[in-house]
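To keep things clear, I will list the structure first and then write my remarks on it.
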Amino acid sequence: MSFPKTMKGELLPSSMPDPALQKKSRRLVICVAHGTFLLFAFFTCLYSFGFVRVPSCWSDYALEANPAQCPQVSSLVPEKNAELWNSLGETYETDAFVTRAVGWLGGAVRVPTQSYDKMQPVGVDPRWEVFGPFHDYLLTAFPQVHATLELTKVNTYGLVYVWKGSDVSLKPLLLAAHQDVVPVNPDTADEWAHPPFSVMDAPGERIWGRGSSDDKSGLIGVLSSIETLLERGFQPTRSVVLAFGFDEEASGIYGASAIGKYLLSTYGENAFFMLVDEGGGFSQEFGGVFATPAIAEKGYIDVRVEVTSPGGHSSIPPSHTTIGILAALLVHYESNPYEAKLARDTPMYWKAQCIAEHAPLLSSYVRKAIKRSTKSDRALRTAEEALFADPVFKAFVGTTQAIDLIDGGVKTNALPELAWAVVNHRVATDSSVDVVKEHDTNLLKSLASDFNLSYTAFGTSVSTQDAPAYGTLTLSDAWGAALEPAPITPIGADAVPYQLLSGTIKAAYNAHRSLLGDNIVVAPGIMSGNTGVYTILLGVDPHIFRYNHHNAGTGNSLSGVHTVNESISADAFIEMIRFFTTLILNADESTA
Ligand SMILES: *[C@@H]1O[C@H](CO)[C@@H](O)[C@H](O)[C@H]1NC(C)=O
Ligand SMILES: *[C@@H]1O[C@H](CO)[C@@H](O)[C@H](O)[C@H]1NC(C)=O
Ligand SMILES: [Zn+2]
């Protein structure tokens, strides 16, 4: 702020001060300075003991964040089964167990359970048959599991295991994973450090191969936990249900959806204590370690944009062919991306609150903006601008669009009568498929009229006049497979499952590193695409989490998901086993 000159002038002393007064005032200044220093030291001391809090204008840390948006609980370790949990923890650290666990996962990776796009149903497409040998492998690798748990095969290759608890009034814990893996591109087979399905690395170091991370580590991690719990004679109070689909990488139409229907018809709505499927992990962010279980999923729609116009010989062409018109429409799409808006009642905003509250290396400017944004709209826009500098964060917040397919024309001397493209959208968690349809419909309206096209969008005629048109523009749901954003899993003070999961994550993280206290923050996250999560259960079971307790931060412990050199360190895999064991025991002790 700058003062006008006249004002400044008035503040200046108008005469020379006398020396005695000068001396006196110097002493006074020194005295006040010392006093101030002592007072400051005194308050600093009190502050460091947590007796006082500094006013918010001094420290951005002290600004009140809304605790409901980033709830933290302490590490949660089993009490009734403390001895068992401690003893298993020690076992997991032994070389003998590491060798055993690596063997379990390696054996699973060696069975190439690849799933492909557009497969024929089970029983028709022979490529499903590889899941038979995979089941045989599980049977020999986990004898205790198969002797104790009840196994139902759903649509031949879907696996549902039930570990019956003694108290059937408690809702079962549902753990999900998928048996299939993305195919290895044959052209890249020789780029792998180790052949993708052979697992040749020295035991105890690293498990290489397709599926070692996504998601056989999850599936084998769960079974390894249960096998060792059974070996120790543990009998659950709360039932545990395992659901392992076989086509997650191919949309889940034969596996996950059949299992979802089976679970719904067997157990009914709102039947599970909580569902944990693959998803977010933990990583370093701005100097803090954050675990981000996904509590929501973006929606999905592929919009087909189709243009037709009269054909003819290309020696007498019109000014615009269908391909030219389609190109103009697509350029218009890209010139008008969806606006991303960070809204207060969304998981990504809550995640931002967690970062502001707990990330030590976040700039003070951004931290202040995020914290003030709980009350100030201006601060919210500032926070948004800063956070959107990270394109990943921005893509997670807003609805996105990507033109992924295009086709048109058959011959160089024939005018194309038809051209089409598909625009893939991931729908923001606070938007809907209908909003996207309406947005796209309006976006192309004026161009449709400029090009003299009769326009139909999602089954409704958009063109106003019945005048004859030069051609047509049609928008449609490309495969009729649009998905609404998933309902948001509750995380508030009365959401026992979120608290239990948070405490379990902290306990597993600490135990694996022999740490005490608070070392990892749990922040809500979302999935930008749809997982094979049991979509049928979405909306009927509120407590759904997509989380693997894997270290996603350092390329070291986990890498190559969906590409060459997929691998996981033995240490990261052991930590996953520790997590599942802790989760099962904690859920068992909860009375909710
Ligand atoms: C896979 O690992 C091998 C051996 O470390 C390396 O030579 C190769 O470049 C890696 N491939 C890719 C695509 O990273
Ligand atoms: C649109 O195209 C039709 C058919 O070619 C034509 O009859 C009509 O005059 C055109 N309308 C305009 C406004 O150009
Ligand atoms: Zn997966």
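Any idea how many residues of segment 256-295 are of a type in the set (Gly, Ala, Ser) and within 30 Å of residue 515 (Cβ to Cβ)?
8
Considering only segment 377-391, how many residues are surrounded by fewer than 16 Cβ atoms within 10 Å (Cβ to Cβ) and small (Gly, Ala, Ser)?
Within segment 377-391, residues that are surrounded by fewer than 16 Cβ atoms within 10 Å (Cβ to Cβ) and small (Gly, Ala, Ser) number 1.
With the condition kept exactly as written, say whether any residue in segment 260-279 is without any contact (Cβ under 8 Å) to a residue 24 or more places away in the chain and either within 16 Å of ligand 2 (Cβ to nearest atom) or touching a strand residue (DSSP E or B) at 6+ places or on another chain (Cβ under 9 Å) (or both).
Scanning segment 260-279 turns up at least one residue that is without any contact (Cβ under 8 Å) to a residue 24 or more places away in the chain and either within 16 Å of ligand 2 (Cβ to nearest atom) or touching a strand residue (DSSP E or B) at 6+ places or on another chain (Cβ under 9 Å) (or both).
Collect the residues in segment 352-363 that are open to solvent by 10 Å² or more (accessible area, probe 1.4 Å), under 16 Å from residue 289 (Cβ atoms) and either outside any helix (DSSP H, G or I) or not assigned by TED's automatic domain parsing to the domain that holds residue 396 (or both), keeping them in residue-number order.
Selection gives 360, 361, 362.
Criterion first (under 22 Å from residue 444 (Cβ atoms) and without any contact (Cβ under 8 Å) to a residue 60 or more places away in the chain) does residue 303 satisfy it?
Judged against the criteria, residue 303 is not a match.
Does any residue in segment 167-187 that is farther than 15 Å from residue 213 by Cα come within less than 6 Å, Cβ to Cβ, of a residue that is open to solvent by 20 Å² or more (accessible area, probe 1.4 Å) six or more places away or on a different chain, and which pairs are these?
Within 6 Å, the pairs are 167/237.
Within segment 307-325, is there a residue that is in contact with a Lys or Arg (Cβ under 6 Å, 6 or more places away or on another chain) and away from ligand 1 (no atom under 16 Å from the Cβ)?
For segment 307-325, residues in contact with a Lys or Arg (Cβ under 6 Å, 6 or more places away or on another chain) and away from ligand 1 (no atom under 16 Å from the Cβ): absent.
So, of the residues in segment 464-486 that are part of a loop (DSSP other than H, G, I, E, B) and surrounded by 17 or more Cβ atoms within 10 Å (Cβ to Cβ), which turns out to be nearest to ligand 3 (Cβ to nearest atom)?
So, considering only residues that are part of a loop (DSSP other than H, G, I, E, B) and surrounded by 17 or more Cβ atoms within 10 Å (Cβ to Cβ), the one nearest to ligand 3 (Cβ to nearest atom) is 486.
Step by step: first the residues of segment 295-315, then only those that are out of contact with any helix residue (DSSP H, G or I) (no Cβ under 7 Å at 6 or more places or on another chain) and part of a loop (DSSP other than H, G, I, E, B), then the one that is farthest from ligand 2 (Cβ to nearest atom). Which residue is that?
298
If you check residue 276 against the conditions, is it more than 25 Å from residue 412 (Cβ to Cβ), at pLDDT 95 or above, open to solvent by less than 10 Å² (accessible area, probe 1.4 Å) and not assigned by TED's automatic domain parsing to the domain that holds residue 459?
Yes, satisfied.
Which ones in segment 409-445 are under 30 Å from residue 316 (Cα atoms) and either polar (S, T, N, Q) or surrounded by fewer than 20 Cβ atoms within 10 Å (Cβ to Cβ) (or both)?
Selection gives 409, 410, 411, 412, 413, 414, 415, 417, 418, 420, 422, 445.
Go through segment 236-255 residue by residue and tally those that are open to solvent by 10 Å² or more (accessible area, probe 1.4 Å) and at pLDDT below 95.
Looking only at that region, the number is 6.
Within the set of pairs 6+ apart or on separate chains, which have a first residue in segment 327-348 that is not assigned by TED's automatic domain parsing to the domain that holds residue 385 and surrounded by fewer than 16 Cβ atoms within 10 Å (Cβ to Cβ), a second that is outside any helix (DSSP H, G or I) and of a type in the set (Val, Ile, Thr), and C-beta atoms under 9 Å apart?
Partner pairs satisfying both residue conditions: none exist.
May I ask you to verify whether residue 454 is assigned by TED's automatic domain parsing to the domain that holds residue 318, open to solvent by 20 Å² or more (accessible area, probe 1.4 Å), within 16 Å of ligand 2 (Cβ to nearest atom) and part of a strand (DSSP E or B)?
Spelling it out, residue 454 is indeed assigned by TED's automatic domain parsing to the domain that holds residue 318, open to solvent by 20 Å² or more (accessible area, probe 1.4 Å), within 16 Å of ligand 2 (Cβ to nearest atom) and part of a strand (DSSP E or B).
For segment 430-444, what are the residues that are touching a residue at least 40 places away in the same chain (Cβ under 8 Å) and either closer than 30 Å to residue 344 by Cβ or within 16 Å of ligand 3 (Cβ to nearest atom) (or both)?
430, 431, 432, 433, 436, 437, 439, 440, 443
Which number in (1) within 23 Å of the chain's Cα centre (by Cα); (2) small (Gly, Ala, Ser); (3) surrounded by fewer than 24 Cβ atoms within 10 Å (Cβ to Cβ) marks the one condition that residue 212 misses?
Going through (1) within 23 Å of the chain's Cα centre (by Cα); (2) small (Gly, Ala, Ser); (3) surrounded by fewer than 24 Cβ atoms within 10 Å (Cβ to Cβ) one by one, residue 212 breaks only (3).
Of the residues that make up segment 445-459, is at least one over 28 Å from residue 279 (Cβ atoms) and free of Cβ contacts under 8 Å to residues at least 12 places away in the same chain?
Yes: one or more hits.
Condition check ((1) open to solvent by 60 Å² or more (accessible area, probe 1.4 Å); (2) out of contact with any Asp or Glu (no Cβ under 9 Å at 6 or more places or on another chain); (3) more than 16 Å from residue 205 (Cβ to Cβ); (4) in contact (Cβ under 8 Å) with a residue 12 or more places away in the chain) across all residues:
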| residue | (1), (2), (3), (4) |
| --- | --- |
| 91 | no, yes, yes, yes |
| 95 | yes, yes, no, yes |
| 98 | no, no, no, yes |
| 113 | no, no, yes, yes |
| 123 | yes, yes, yes, yes |
| 126 | yes, yes, yes, no |
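Which residues, taken from segment 335-386, are β-branched (Val, Ile, Thr) and closer than 27 Å to residue 425 by Cα?
346, 382
Could you tell me which residue of segment 226-255 is nearest to ligand 1 (Cβ to nearest atom), considering only residues that are more than 30 Å from residue 122 (Cα to Cα) and assigned to a helix (DSSP H, G or I)?
By that ranking, first place goes to 228.
Which of the residues spanning segment 165-182 are within 16 Å of ligand 3 (Cβ to nearest atom) and open to solvent by 50 Å² or more (accessible area, probe 1.4 Å)?
The answer is none; no residue qualifies.
Consider residue 447 carefully, then state whether it is within 16 Å of ligand 2 (Cβ to nearest atom) and at pLDDT 95 or above.
So residue 447 passes the test.
Determine whether segment 364-379 contains at least one residue that is closer than 25 Å to residue 423 by Cα and either out of contact with any Pro (no Cβ under 8 Å at 6 or more places or on another chain) or in a strand (DSSP E or B) (or both).
No; the residues of segment 364-379 include none that is closer than 25 Å to residue 423 by Cα and either out of contact with any Pro (no Cβ under 8 Å at 6 or more places or on another chain) or in a strand (DSSP E or B) (or both).
I'd like the full set of residues that are closer than 17 Å to residue 215 by Cβ, in a loop (DSSP other than H, G, I, E, B) and small (Gly, Ala, Ser), limited to segment 91-142.
115
The values are calculated or read from the model by the stated rules, or taken from the named source; none is laboratory data. Remember, it's a predicted structure, so these values are computed and weren't measured experimentally. Because the Cβ atoms are built from the backbone with ideal geometry, glycine has one as well, and the counts that use them run over all protein chains shown. These accessible areas exclude ligands, DNA and RNA; they are computed on the full protein's heavy atoms, side chains included. Shrake-Rupley method; radii C 1.70, N 1.55, O 1.52, S 1.80 Å.
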